[in-house]
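What follows is a set of notes on a single structure, which appears directly below.
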Amino acid sequence: MKKIAVFLLASSALQTIGAQSFIQAYKDRADMVTQTNINTNLQEFAGLGVKKTGTAANNNAFDWLKNKYLSYGYTASDFSEDAFTYAGNTSKNLIITKTGTLYPNKYVIICGHYDTIVGAGVSDNGSGTSILLEAARILKDVPTEYSIKFIHFSGEEQGLVGSSHYVSNVAYQGNTRVLDIKLVLNIDQVGGLIGNNNNTINCERDEGGLSSNNAISNTMTQELMTCTTLYSPLQTNLSHAYNSDYMPFEAKGYTITGFYETIESNNQHTVSDTYANLDPVYVFNVGKAAVGALQHFAVATPASSLLSVRETTQNSAETVKVYPNPAKDLITIEFQQKVKQFTVEINDMVGNSVLHVENKEKINTSGLKNGVYMVTVKTENGNTTKKIIINK
C-alpha cells in the first residue's frame with residue numbers, strides 16, 4: 001500500500017481520556033480478541049498466495065472471507081458484493097452490514113483491502129483483514145446504535161480501484177450521496193516487523209484534499225487515540241492519512257481515520273511480506289484497539305451484567321470451582337461442600353443463554369464456539385458466576 005516518510009506529531013491519547021470515559025464492557029469485548037484467531041487468520045491468508053486483483057487467488061480470498069463470516073453466524077442477507085473490472089478482469093469488494101438499533105441508516109465503516117501485488121502480503125494487508133474478521137466475530141450479536149459495515153476492498157494495490165468504485169457507485173450515485181456515513185476507519189499494514197519494538201500505532205487524520213472534513217477527522221482521530229490507550233496496551237502516534245482505501249471517501253467529503261504501523265517493516269510489495277517476518281502480537285494488540293474503537297464510534301451497548309470481570313458469589317462459604325479454563329469440550333463443576341440440587345447456566349458475553357443443565361458436574365461444551373462465556377451455578381444457598389474461555 002502506502003509508505004509514510006515522516007510522522008507529524010508524537011502524541012499520547014492520555015491527553016483526551018478525561019473527555020472520553022472508559023467502559024468496562026468495551027474492554028471486556030476488546031479482550032475477546034484472541035492471539036490464536038489472529039494467527040490462524042494470518043496463516044490462512046498467507047496460504048492463499050499472491051492475491052492480485054482479478055486472479056483466481058484473489059477470487060479464492062473473496063470466497064474465504066465469505067465463509068469466515070458465515071462461520072460467525074452472519075447470513076446471506078448481511079452480505080453484499082460490489083463487482084468491478086480492472087484490466088479486463090473482474091474482482092469484488094465484500095460488504096457485511098450489521099444493522100444499528102437507533103440509527104440503522106447511518107454507518108460506521110471499518111475497512112481494509114485483501115488484494116496483494118507481490119507475495120502473500122501478510123502484513124499488507126492480511127493484518128487489517130484479520131482484524132476486521134475478529135471485530136466482526138466479536139461484535140456479531142452486540143447491539144450498536146449505528147450500523148456497521150465491514151468492507152474488504154480489492155484493487156487497492158492498483159490505485160484504490162475497488163474503494164473508488166464503491167464510493168462512486170454505492171456510497172454515491174452520480175452527484176447524489178446515497179450512504180450516510182458517520183466515519184470510515186481504515187486498517188492497512190499493521191503487522192510490523194518481528195523483533196522491532198512494536199508498542200506504538202499510527203492513528204491517521206485527514207490533512208489534505210477537501211478542507212471541510214479536516215476538523216472532524218482530527219476530532220475522530222483523537223478519539224481513536226484515546227480508545228487505543230483505553231482498550232489496548234499500545235501507545236499512539238498522530239500521523240496523516242495517505243494513499244489507502246479511505247481516500248476516495250475523503251474526496252467525497254466523508255470523515256476518515258485509520259491505523260498504520262509506526263515502525264515500518266519495509267516488506268510491503270515484496271516476497272518478504274510473510275507470516276514469519278511480521279509481529280503477530282502487534283496485530284493482536286491493534287485488534288484490541290480496533291474493537292474498542294469500533295464500539296465507541298458505533299455506540300455499542302455498555303450494559304450487561306455478564307460483562308463484569310469479577311466473580312460474583314452470594315454465599316462465600318460455598319466455594320465452586322469451574323475447570324479447566326480455558327476449556328475445550330468438557331468443563332467440570334466442583335463444590336467444596338456436597339450439593340444435591342443445582343443448575344448451571346452458560347451465557348455468551350451478550351447475555352444469551354447457550355446451555356442449561358441440572359445436577360451435572362461434567363458438562364459437554366463441544367457445541368460451543370470459541371469465545372468467552374459466563375457460567376452461573378445456582379443452588380439453594382445462592383449463585384456463583386465465573387468467566388471461562390472456550391478454546392478448541
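The values are calculated or read from the model by the stated rules, or taken from the named source; none is laboratory data. Please read all numbers here as calculations on a predicted model, not as lab measurements. Note that each Cβ is placed from the backbone with ideal geometry, even for glycine, and that neighbours are counted across all protein chains shown.
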Considering the stretch 91-149, residues that are touching a strand residue (DSSP E or B) at 6+ places or on another chain (Cβ under 6 Å), among the small types (Gly, Ala, Ser) and assigned to a helix (DSSP H, G or I), and then whichever is farthest from residue 294 (Cα to Cα), we arrive at 128
Of those in the stretch 199-219 that are surrounded by 24 or more Cβ atoms within 10 Å (Cβ to Cβ) and of a type in the set (A, V, I, L, M, F, W, C), the residue farthest from residue 295 (Cα to Cα) is 201
The strands (runs of 3 or more DSSP E) lying wholly within the stretch 350-392 that contain at least 3 residues that are hydroxyl-bearing (Ser, Thr, Tyr) are 371-379
Just to be sure before I move on: is residue 228 surrounded by fewer than 22 Cβ atoms within 10 Å (Cβ to Cβ) and either among the hydroxyl-bearing types (Ser, Thr, Tyr) or in contact with a helix residue (DSSP H, G or I) (Cβ under 6 Å, 6 or more places away or on another chain) (or both) in the structure I sent? no
State whether one or more residues within the stretch 30-43 are within 20 Å of the chain's Cα centre (by Cα), assigned to a helix (DSSP H, G or I), at pLDDT 95 or above and of a type in the set (Asp, Glu). no
Looking across the stretch 146-176 at residues that are among the small types (Gly, Ala, Ser) and free of Cβ contacts under 8 Å to residues at least 40 places away in the same chain, the single one that is nearest to residue 127 (Cα to Cα) is 159
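Per-residue answers, yes or no, for (1) modelled with pLDDT of 95 or more; (2) not small (Gly, Ala, Ser):
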| position | (1), (2) |
| --- | --- |
| 73 | no, no |
| 76 | no, no |
| 89 | no, yes |
| 93 | yes, yes |
| 97 | yes, yes |
| 110 | yes, yes |
| 113 | yes, yes |
| 117 | yes, yes |
Taking the stretch 199-254 and the residues there that are out of contact with any Ser or Thr (no Cβ under 8 Å at 6 or more places or on another chain) and on the phi > 0 side of the Ramachandran plot, the one that is modelled with the highest pLDDT would be 243
Of (1) hydrophobic (A, V, I, L, M, F, W, C); (2) assigned to a helix (DSSP H, G or I); (3) over 22 Å from the mean Cα position of the chain (by Cα), residue 83 satisfies every one except (2)
Per the filter on the stretch 237-293, residues buried (at least 24 other Cβ atoms within 10 Å of the Cβ) and aromatic (Phe, Trp, Tyr) are 246, 249, 254, 259, 260, 282
When every residue in the stretch 342-359 that is loosely packed, with under 12 Cβ neighbours inside 10 Å and either touching a His at 6+ places or on another chain (Cβ under 8 Å) or modelled with pLDDT of 90 or more (or both) is compared, the one farthest from residue 295 (Cα to Cα) is 359
Of (1) modelled with pLDDT of 95 or more; (2) β-branched (Val, Ile, Thr); (3) in a loop (DSSP other than H, G, I, E, B); (4) closer than 19 Å to residue 286 by Cα, residue 4 satisfies every one except (1)
